[in-house]
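Q: Sharing a structure with you now.
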Amino acid sequence: MTLTDVRPARAGRGPAPNRARNRDTFMLMLPALIPVLVLSVGPLVYGIMLAFTDARSGRNTETSFVGLANFGDLLTDVDFWESFRIGMIWAVSVTVLQFLASLGLALLLDQDLRLRGFARVLALVPWAMPPVVIGLMWRLVYHPDAGILNAVLGTDVDWLNDFSVALPAVILVGIWMGMPQTTVVLLAGLQNVPKELHEAAGVDGAGVWRRFWNVTLPQLRPVIVAITSLDFVWNINQFSLVYVLTQGGPGGRTRLPMLFAYEEAFRYGFFGYAATLGVAITIVVLAVLGVYLWRQMREAD
Amino acid sequence: MRTALKYLALLGYIVFLAFPLVWLLSTALKTPQEMANLDPTWIPRRPTLANFADAFGEQDIVGSAARSLAVALASAVITVVVALPAAYALARFRSALNKVAIGWVLVSQVFPVILIIIPLFMVLRRLELVNTLPGLALVHVTFTLPFALWMLQGYVRAVPRELEEAASVDGAGRLRALASVVAPLLVPGVVATLLFAFISSWNEFLFALVVLKDPEVATLPLTLVKFTGPEGVVRLGPLAAASLLATIPSLAFFAVIQRRLRSGLMAGAVKG
């Protein structure tokens, strides 16, 4: 009712004066954007510029422009490549396993099961916890003497200090921590799949599995692309959780790229080099997500 | 049969999600003697609240919590004050800049924080704000701003433009229309953004680690991480207790908004 009342009036006004008025008001609104530019865009641009300098942490050190020298160093830095490899293993496995686990949980939560309400609330709890607390909690679980995991499994493993087990152990925590976001988003996506499609497919004789594969999954695709991309970005940039769990140890086996960059910048004082590492990771992420961002921009229009 | 399998799977998820939480609670309720026992049990033999008292006594938990609170409040308020006018501008005036801004919010999520923390650290050092709480609050504003902007412009967009225009037609000036028509409708969105910014700051660890070197100004996450010393096992009880206490604010926040989360608030945020 209101819609039909309003529409003719807007159409009658015509686009031209509207645009002029918008431009005027926009000039008035410009000052509102300046703090955002100063506080948010500024530091990032500065950070990117640092990647091309030899900035050090000392107060009175001279900083000079070194072009792409840092990038050259990075490409031949064995430690960086090891950290990058660990980061990719971490980000890809956490993202994929988290997605599969969350999809399963979302499908269950979408059904009329008992305990569903309880499971839904429980699935949100990790989201509500500070990453530091999650790390500390899992350190209690993994504790070699006082931890519950060894007690339950009857093993005697120092989970977070063992060269071969530490990374998988940390990945498990990553999955646990990120499941809520992914599950909530997938569940919302599932609930937006029109019921009629399912019923029609059912009438045509499609079984549960085929209905999932041919109806649910294609409908869910945009949501899946969005959440897995975001998960990938968040995971490759993860710092706090792993810092609290292992500080990158044992022997660098869980030193994700951001832990590497943190050490370079704030332990050894190589600001420029650490910034270069940040830029390099950004380039990797952007390459992976190029398609996704392009789709987002198109949708945002 | 199929239903039985579903319940089995659901039970598996519940166990996976719940067992670390149960263990945290169990550890928080155990006596130091029991912690030293080499055969850990799920249920404390003689549950005690002494760990909570110890947590307050041993480390500067109360002081850190107070500092975390101050930083979180300040950065939440500043974030919203800075973001609201910009969000209004972005939501109401379609232009090329609008697209750029939305792209910016997305892209800013992609950049690793290391690219922001180093320049901010250099600036803070120049301003003599390293090791100070205002310095950390400023960093948190920078860090929260893009997403807060994104949230707020969504809320502004949800207020029908027609309402504003109607108020103008009725003779109200632009500012009066804003104050009397738009502002009341934005209150829930502003509150949600304030809470989001507060929780982001309260939980934040990396920036605090970089900016606050001095234990005397440490925020709660920093103090928690430094909690376990060489004494080891006996101190795990108080650590667990303190961790539980540190979770209360964000748990309360999620209790308030969980209904909206479940109804797919985040799906909207992701899809834009």
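The values are calculated or read from the model by the stated rules, or taken from the named source; none is laboratory data. In this text the structure is predicted, and so the values were computed from the model without any measurement. Neighbour counts run over all protein chains shown; Cβ positions are idealised from the backbone, glycine included. Heads up: the accessible areas ignore ligands, DNA and RNA and are worked out on the full protein's heavy atoms, side chains in. Shrake-Rupley method; radii C 1.70, N 1.55, O 1.52, S 1.80 Å.
Q: Please report how far the C-alpha centroid of the range A:244-262 lies from that of the range B:98-131, rounded to the nearest whole angstrom.
A: The range A:244-262 and the range B:98-131 have Cα centres separated by 22 Å.
Q: May I pose another question? Taking a probe of 1.4 Å and counting only protein heavy atoms, give the total accessible area buried between chains B and A in Å², rounded to the nearest 100. Before the final figure, lay out each step's value.
A: On the way: alone 16440 and 18910 Å², together 26290 Å².
Protein heavy atoms only, the B-A interface buries about 9100 Å².
Q: Mind checking which aspartates and glutamates have their C-alpha under 16 Å from B:Lys30, skipping anything on the same chain fewer than 8 residues away?
A: Result set, ordered by chain and number: A:Asp145, B:Asp39, B:Asp54.
Q: Then there is this: When the helix-only estimate is applied to chain B (DSSP H runs of n ≥ 4, each -39,500 (n - 2.57), divided by the residue count), what is the mean residue ellipticity at 222 nm, nearest 500 deg cm²/dmol? Write out the running numbers ahead of the final one.
A: Working: 14 runs with 207 residues, N = 272.
Result for chain B, helices only: -25000 deg cm²/dmol.
Q: If each residue of separation counts as 0.36 nm, what is the full-extension length gain between A:Ile224 and A:Val165 once their alpha-carbon separation is subtracted? Don't skip to the end; give the middle numbers.
A: Values: separation 59, 0.36 × 59 = 21.24 nm, distance 2.99 nm.
This chain segment gains 18.3 nm when fully extended.
Q: Between A:Asp204 and B:Leu73, what's the calculated FRET efficiency when r is the beta-carbon distance and R0 is 60 Å? Round to 0.05. Walk me through the numbers before you get to the answer.
A: Working: r = 58 Å, r/R0 = 0.97.
Given R0 = 60 Å and the Cβ-Cβ separation, E is 0.55.
Q: Could you put A:His198, A:His143 in order of accessible surface area, largest first, with the 1.4 Å probe and the full protein assembly present? Can you show the working numbers first?
A: Numbers: A:His198 60, A:His143 40 Å².
Largest accessible area first, the residues go A:His198, A:His143.
Q: Moving to a separate point now. Roughly speaking, to the nearest percent, how much of the protein assembly as shown's 1.4 Å accessible area is carbon and sulfur?
A: Numbers: 17440 of 26290 Å².
Ligands and nucleic acids excluded, carbon and sulfur reach 66 percent.
Q: For chain B, take the longest principal axis of its alpha carbons; what is the angle in degrees between that and the long axis of helix B:236-262, to the nearest 10 within 0 to 90?
A: Roughly 30 degrees between the two axes.
Q: Taking amide H positions as placed 1.01 Å from N in the peptide plane, with prolines and chain starts having none, which residues 5 or more places from A:Thr53, or on another chain, fall under 5 Å of its amide H?
A: When sequence neighbours closer than 5 places are left aside, the close amide H contacts are A:Val66.
Q: Let me ask something else. What are the lysines whose alpha-carbon lies under 22 Å from the alpha-carbon of B:Lys6, with same-chain residues fewer than 8 places away excluded?
A: Candidates past the 8-residue exclusion: A:Lys195.
Q: Could you go through the range B:212-227 in sequence order and give the Karplus-derived ³J(HN,Hα) for each residue, using 6.51 cos²θ - 1.76 cosθ + 1.60 with θ = phi - 60°, rounded to whole Hz, and x for Gly and Pro?
A: With coefficients 6.51, -1.76 and 1.60, one gets 9, 8, 7, x, 5, 10, 4, 8, 4, x, 5, 4, 4, 5, 7, 4 Hz.
Q: Work out, step by step, the length gained on full extension between B:Asn37 and B:Ala66: first 0.36 nm times the residue separation, then minus their alpha carbon distance; give nm to one decimal. Intermediate results must be reported in sequence, preceding the final value.
A: On the way: separation 29, 0.36 × 29 = 10.44 nm, distance 3.48 nm.
Length gained, B:Asn37 through B:Ala66: 7.0 nm.
Q: How do A:Tyr142, A:Tyr46 rank by accessible surface area computed with a 1.4 Å probe, from largest to smallest? If you can, show how the numbers build up before the last one.
A: Working: A:Tyr142 10, A:Tyr46 65 Å².
Sorted by accessible area, descending: A:Tyr46, A:Tyr142.
Q: Report A:Arg221's accessible area, 1.4 Å probe, all protein chains in place, as a number in Å² to the nearest 10.
A: 130
Q: Now, a different point. Would you tell me the mean number of C-beta atoms belonging to other protein chains that fall within 10 Å of each C-beta in B:102-111, as a whole number? Let's see the in-between values first.
A: Details: counts 5, 4, 5, 2, 8, 5, 3, 5, 12, 11.
The shielding value for this peptide is 6.
Q: Okay, moving on. In whole percent, what relative contact order does chain B give with Cα contacts below 8 Å and a gap of six or more residues?
A: On the way: 248 pairs, mean separation 86.3, N = 272.
Dividing the mean separation by the residue count of chain B yields 32 percent.
Q: Using the Karplus curve 6.51 cos²θ - 1.76 cosθ + 1.60 with θ = phi - 60°, what ³J(HN,Hα) values do you get for each residue of the range A:252-262, in whole Hz, with x for Gly and Pro?
A: The phi angles translate into x, 5, 10, 7, 5, x, 6, 5, 4, 5, 4 Hz.
Q: For the range B:90-230, what is the relative contact order in percent, using Cα pairs closer than 8 Å and at least 6 residues apart in sequence?
A: Numbers: 81 pairs, mean separation 42.6, N = 141.
That works out to 30 percent.
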